[in-house]
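The values are calculated or read from the model by the stated rules, or taken from the named source; none is laboratory data. Computed from a prediction, not measured in an experiment: that's the story for all the values here. Please note: Cβ atoms are built from the backbone with ideal geometry, for glycine as well, and neighbour counts cover all protein chains shown.
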């Protein structure tokens, strides 16, 4: 080997194959991943008065806003479920998905400084976003479970499906995969097409209205419209989440399978594009 003849003991090269996913390298840099998680968790609310309490305040205020506007003014039905609990059940998982998507969608741009100076598997950066957002999701789940427990013991409108509680980690994993897939795909494309950065927030908001967060999917009477909404891979995840906790929603195993297949294909495509872009992104960022 030429490198051995020159006396080098460590040679850093770009990946030989653009479809190669070096999971072993990511595992070796797990300490760096946890440092990124700590950085993300601390830096978001650094120098704020309330700090992590914003993790609870944000979904609470959003839920109250939806309750007043969509439940009180627009009179959108929640199928007998208390509006606060109905909207909070949709917001909890949706917030995790949207945060993962938005924060991973600028991976190359926001980390260009460190990417250009230090080598490490680039996927560590977006993966750290997923983990740090899991902490936020855990706090918001506690808020949701508190409100859910209150209505469970003070009313008779909830009919939880307790055997399906084992699906909750699975739903979170699929949401994480969708957020990561969309995020790193957009991040890879924005290195060349900066226009996409202006569409991310707007597109995420449109996607929220195409998800059953402010309305039950069962209220969509026309089958063709319901089929269109089911093309959104997030729809079946949120509906299943509501079905498990509220006993109100649609549990469709074929729709869940569609979301899984969509997530797997999306991750494969996004990782391929990500690996291809990372070799030359410093020339375009």
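Side notes on the structure shown:
- If you filter the stretch 183-200 down to residues that are out of contact with any helix residue (DSSP H, G or I) (no Cβ under 7 Å at 6 or more places or on another chain) and assigned to a helix (DSSP H, G or I), you find that the one that is nearest to residue 94 (Cα to Cα) is 199.
- Taking the stretch 46-115 as the region of interest, the helices (runs of 4 or more DSSP H) fully inside it that hold 3 or more residues being within 21 Å of the chain's Cα centre (by Cα) are 54-66, 83-104, 107-110.
- Selection within the stretch 228-246 - closer than 21 Å to residue 264 by Cα and assigned to a helix (DSSP H, G or I): 228, 229, 230, 233, 234, 235, 236, 237, 238, 239, 240, 241
- Test set (1) over 20 Å from the mean Cα position of the chain (by Cα); (2) part of a helix (DSSP H, G or I); (3) in contact (Cβ under 8 Å) with a residue 60 or more places away in the chain; (4) farther than 16 Å from residue 239 by Cα - residue 157 fails condition number: (2)
- Check on residue 170, part of a helix (DSSP H, G or I), farther than 19 Å from residue 126 by Cα and at pLDDT 85 or above: yes
- Leading residue by the ranking (surrounded by the most Cβ atoms within 10 Å (Cβ to Cβ)) among those in the stretch 234-248 that are touching a helix residue (DSSP H, G or I) at 6+ places or on another chain (Cβ under 8 Å) and farther than 13 Å from residue 217 by Cβ: 245
- Tally of residues being surrounded by fewer than 19 Cβ atoms within 10 Å (Cβ to Cβ) and farther than 18 Å from residue 107 by Cα across the stretch 173-202: 2
- Test: residue in the stretch 219-233 that is more than 22 Å from residue 122 (Cβ to Cβ), touching a helix residue (DSSP H, G or I) at 6+ places or on another chain (Cβ under 6 Å) and buried (at least 23 other Cβ atoms within 10 Å of the Cβ): yes
- Residue ID - nearest to the chain's Cα centre (by Cα), chosen from residues in the stretch 209-218 that are in contact (Cβ under 8 Å) with a residue 12 or more places away in the chain and surrounded by fewer than 18 Cβ atoms within 10 Å (Cβ to Cβ): 210
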